[in-house]
Amino acid sequence: MNIADLAPLAVAVPFLGAAVAFMLIRHPRAQQTVSISAVALTLALEAVLLASVWTTGASAVHLGGWLPPFGIVMVVDQLSSLLLVVSSAVSLAVLVYATGQGAADGEDKGPVSVFHPTYLILVAGVSNAFLAGDLFNLYVGFEILLTASYVLMTLGGTGERIRAGVTYVVVSVVSSMLFLIAIAMIYAATGTITLADLAVKLGQLEPGTQIMLHLLLLVAFGIKAAVFPLSFWLPDSYPTAPAPVTAVFAGLLTKVGVYAIIRTETLLFPGGSLDTLLMVVALLTMLVGILGAVAQTDIKRMLSFTLVSHIGYMVFGVAMSSVVGLGAAVFYVIHHITVQTSLFMVTGLIERRGGTSSIDRLGGLAKLSPLLGVLYFIPAMNLAGIPPFSGFLGKLGLLQAGVTLGTPLAYVLVAGGVVASLLTLLAVARVWNKAFWRSPADAVNPDPVLLAAMGAVAGRPGTKGAGTSGTKAAARGAAVQGPVGVLPRMMVGSTMGLVALGVALTVFAGPLFALAGQGARDMLDRQAYITAVMGPQEGGQ
Amino acid sequence: MSANLTLLIVMGVLYAVGIYLLLERSLTRVLLGLMLLANATNILLLATGGYAGLAPIFSKDIPAGEYNDPLPQAFILTSIVISFAVTSFMLGLIYRSWLLARRDDIQDDAEDRKVAAQGSFDAEEDADIDLDTTEFDEPAKNDNKTGKGRGTR
């Protein structure tokens with residue numbers, strides 16, 4: 001028996017966990033235990049999968065014993081197993097974080113008890129999308145994770161979340177519709193939807209038909225991945241969701257879209273017929289996204305714009321269709337999942353400590369909670385690409401690949417990548433200066449919760465310079481928030497874990513780059529993938 | 001392969017009407033537009049299945065070549081289930097939005113409006129910084145400046 005045969009369990013375990021968690025909806029403690037152990041089990045399983053394909057390459061599971069072009073196939077290769085492991089690790093950290101938050105706020109009842117089952121369904125959807133060996137199963141994976149994300153996005157049903165949720169749902173449904181149309185067209189043209197089979201048959205179509213199908217798929221995935229002209233929904237909807245939900249969305253959802261783009265570009269339509277288009281789009285994504293980030297005053301919105309901007313780096317890597325470029329893009333995806341999620345988790349902590357995520361109303365957090373400062377600083381510098389962090393290594397790989405390619409457009413993108421990286425530094429440093437370093441008294445309109453916390457730390461009501469109004473505000477803040485300033489240990493612990501994972505990516509960058517490079521070589525070669533699914537040429541027993 | 005022209009025209013009309021409704025600002029119309037688009041896509045999937053009128057279900061008397069392609073029908077079933085779930089969720093959202101805002105409209109993003117309204121000048125970051133002269137006090141220059149100022153006044 002092959003270890004890769006365990007792959008379907010990566011989808012089944014979270015689903016079973018979701019069912020059990022749903023039945024335990026009246027028992028929050030048991031529900032939390034079940035959901036955390038389900039994700040932990042999935043993570044362990046995927047680690048085993050990763051270890052088994054590390055050297056051997058792609059391996060396929062034929063569900064129900066149906067032969068390749070007819071049945072449902074799940075494929076494990078370096079790319080999918082690597083993304084599975086990272087996404088589950090991130091999901092686990094966020095789940096622990098959310099559990100800590102729920103325990104601290106005493107949200108035992110009400111709509112929040114639906115969080116755990118929905119979250120597990122989201123994890124199952126992400127796993128299914130990464131493992132899917134045919135287009136329709138990929139579509140189903142997308143739908144599972146999107147439907148779960150609709151519920152998580154509008155958790156609690158407040159006015160702001162409903163407003164953002166409507167936009168999010170409509171945009172997502174339209175993108176899924178485009179994907180479904182693309183599937184119908186591809187099926188009409190080739191008579192198959194198995195990716196490995198399509199890899200051969202799409203190449204036999206007329207060039208015009210190929211370009212049309214290619215563009216349809218790219219538009220559908222581009223909306224999901226938030227690539228520039230199709231990215232406007234993201235900064236609008238992400239910041240309104242609860243902190244853990246935004247964290248997991250930022251880490252995973254767009255990356256599933258990027259994964260689908262990688263598969264389209266390498267497996268389905270190799271040869272890079274649309275590489276120029278992808279490069280231009282990547283440049284615009286990087287620049288427009290980061291210019292949006294610089295203008296924001298709310299940390300969550302700023303991070304959402306940097307998320308859009310950094311998708312541009314991944315598209316750039318994919319568009320180069322070289323081993324170095326693709327390998328760097330895969331490394332960048334992993335780095336970005338970890339770092340972006342930890343930044344959103346830290347923002348959740350900032351919101352708890354300072355009462356708001358608007359940098360106009362924050363200040364003095366470095367004095368208030370030095371640990372929080374460290375937790376923000378490390379992933380922020382990592383995101384901006386300061387050496388020696390993994391963000392720097394990923395960007396270095398991309399820039400190297402761009403220079404190796406050597407076309408004028410590639411050089412423009414290299415320059416654009418450097419500019420976007422510097423502007424990212426500007427955006428995160430602005431948050432650092434305003435929220436962490438300045439005195440809260442200098443803020444335009446300091447948050448009462450923040451003033452109360454500062455007062456509690458200084459051992460006297462109010463802060464210097466805030467005067468009597470500060471004291472009043474402090475008292476009000478204390479009344480609203482109860483005992484101020486204690487960050488739940490589970491939330492801090494899980495954030496620390498994820499920040500440490502981000503640093504570990506730097507330490508283990510060598511083996512990871514080697515693995516990503518090997519994966520990229522196999523993807524560009526395609527033969528290993530096709531043989532794993534279709535069997536050696538004969539296509540059967 | 002012969003295609004059913006009526007079905008294709010119906011599909012085109014559904015797409016056109018669906019997109020028109022999708023571009024409205026009223027949420028109920030947007031939902032109706034999405035439903036029409038989903039149905040148009042289902043018809044498109046059906047059209048990929050080939051000839052109409054072939055046997056859909058296995059029977060011993062029918063030779064292997066005379067069956068309808070079952071795969072598009074499986075796609076359509078899945079897609080119907082998914083659009084059913086999404087439609088009911090959207091209805092819930094729209095009802096909630098009506099309860100909260102009393103309007104069947106897409107609402108503006110307040111934070112976005114705020115960012116758009118702010119100028120490029122940020123008082124804290126861009127204002128001229130007053131020279132701090134407490135440490136390097138040069139009385140002669142200071143006197144000179146104030147003197148000038150008084151003079152112009």
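Every read-out reported here was derived from the displayed coordinates using simple, explicitly stated rules and does not represent laboratory data. Predicted model, so just to flag it, every value in this text is computed and none were measured. Methodologically, a virtual Cβ is constructed for each residue, glycine included, from the backbone with ideal geometry; neighbour enumeration extends over all protein chains shown.
Taking the Cα centre as origin and putting +1 on Lys and Arg beta-carbons and -1 on Asp and Glu beta-carbons, what dipole magnitude results for the protein assembly as shown, to the nearest 20 debye?
So the magnitude is around 1600 debye.
Taking 0.890 mPa s as the viscosity and 25 °C as the temperature, the Stokes-Einstein diffusion coefficient of the range A:274-507 based on its alpha-carbon Kirkwood radius rounds to 132 µm²/s. Note that the range A:270-401 shows a convex hull volume over its alpha carbon atoms of 92 Å³ per residue. If I fit a long axis through the Cα atoms of helix A:489-507 and take the longest principal axis of the Cα atoms of chain A, what angle between them do I get, 0 to 90°, rounded to 10? Helix A:489-507 sits at roughly 50 degrees to that axis. Here the label points at residue B:73 and residue B:28, each 7 Å from Cα along the C-beta direction, are separated by 3.7 nm in the simple model.
Note on the range A:32-79 and the range A:137-191: Cα centroid distance 24 Å, given to the nearest whole angstrom.
The simple Förster model, with R0 at 22 Å and r as the Cβ-Cβ distance, assigns residue A:489 and residue A:158 a FRET efficiency of 0.20.
Centre-to-centre, using Cα atoms only, the range A:304-367 and the range B:13-52 are separated by 36 Å. On the beta carbon distance between residue A:374 and residue B:98, with R0 = 45 Å, the FRET formula returns roughly 0.45. Farthest towards the positive end of the charge dipole of the protein assembly as shown, among the residues A:346, B:64, A:35, is the Cα of A:346, using unit charges on the Cβ of Lys, Arg, Asp and Glu. For the range A:274-507, a simple Cβ point-charge model (Lys and Arg +1, Asp and Glu -1, everything else neutral) yields a dipole of about 860 debye relative to the Cα centre.
Remark on the protein assembly as shown: Rg and Dmax equal 27.2, 113 Å (Cα only).
A simple spin-label model places the labels of residue A:55 and residue B:84 5.0 nm from each other, with each point 7 Å out along Cα-to-Cβ. Let me have the relative contact order for the range A:274-507, percent, based on Cα pairs under 8 Å that are six or more residues apart. Answer for the range A:274-507 is 24 percent. Residue by residue along A:139-152, Cβ atoms of other protein chains within 10 Å of the local Cβ number 2 on average.
Mean per-residue shielding of peptide A:173-184 is 6, counting Cβ atoms of other chains within 10 Å of each Cβ.
From the alpha carbon centroid of the range A:263-291 to that of the range A:204-234 is 10 Å. Here the spin labels are modelled as points 7 Å beyond Cα on the Cα-Cβ line, and at residue A:504 and residue A:67 they lie 4.4 nm apart. Would you tally the net charge around residue A:320, using a Cβ to Cβ cut-off of less than 12 Å, leaving residue A:320 out, and scoring K and R as +1, D and E as -1? Within the 12 Å Cβ shell, the charges total -2. Axis angle, to the nearest 10 degrees, between helix A:275-295 and the longest C-alpha principal axis of chain A: 10 degrees. Between the helical axis of A:299-319 and the longest alpha-carbon principal axis of chain A there is an angle of about 20 degrees.
Ordering A:32-44, A:87-99 by mean Cβ neighbour count within 10 Å, with the highest value first, yields A:87-99, A:32-44. Note on chain A: lysine pairs with Cα distance below 30 Å, sequence gap of 8 or more or different chains, count 20.
Here the peptides A:125-133, B:101-109 are ranked by packing, the mean other Cβ count within 10 Å, and the order with the highest first is A:125-133, B:101-109. Counting Cβ atoms of other protein chains within 10 Å of each Cβ in B:111-120 and taking the mean gives 3. Other residues lying with their Cβ under 12 Å from the Cβ of residue A:365 contribute a combined charge of +4, Lys and Arg counting +1, Asp and Glu -1. Taking the Cα centre of the range A:22-120 as origin and assigning +1 to Lys and Arg Cβ atoms and -1 to Asp and Glu Cβ atoms, the resulting dipole is close to 200 debye. How high is the relative contact order of chain A, in percent, counting Cα pairs under 8 Å that sit 6 or more residues apart? It comes to 16 percent, rounded to a whole number.
Taking K and R as +1 and D and E as -1, what net charge do the other residues with C-beta under 12 Å from the C-beta of residue A:195 add up to? Please list the in-between numbers first.
Details: positive: A:201, A:263, A:526; negative: A:77, A:134, A:197.
Taking every Cβ under 12 Å from that of residue A:195, the sum is 0.
The value of relative contact order for the range B:1-87, using C-alpha pairs under 8 Å at least six residues apart, is 28 percent. What FRET efficiency do you get for residue A:407 and residue A:273 if R0 is 22 Å and r is their Cβ-Cβ distance, rounded to the nearest 0.05? After rounding to 0.05, the efficiency reads 0.90.
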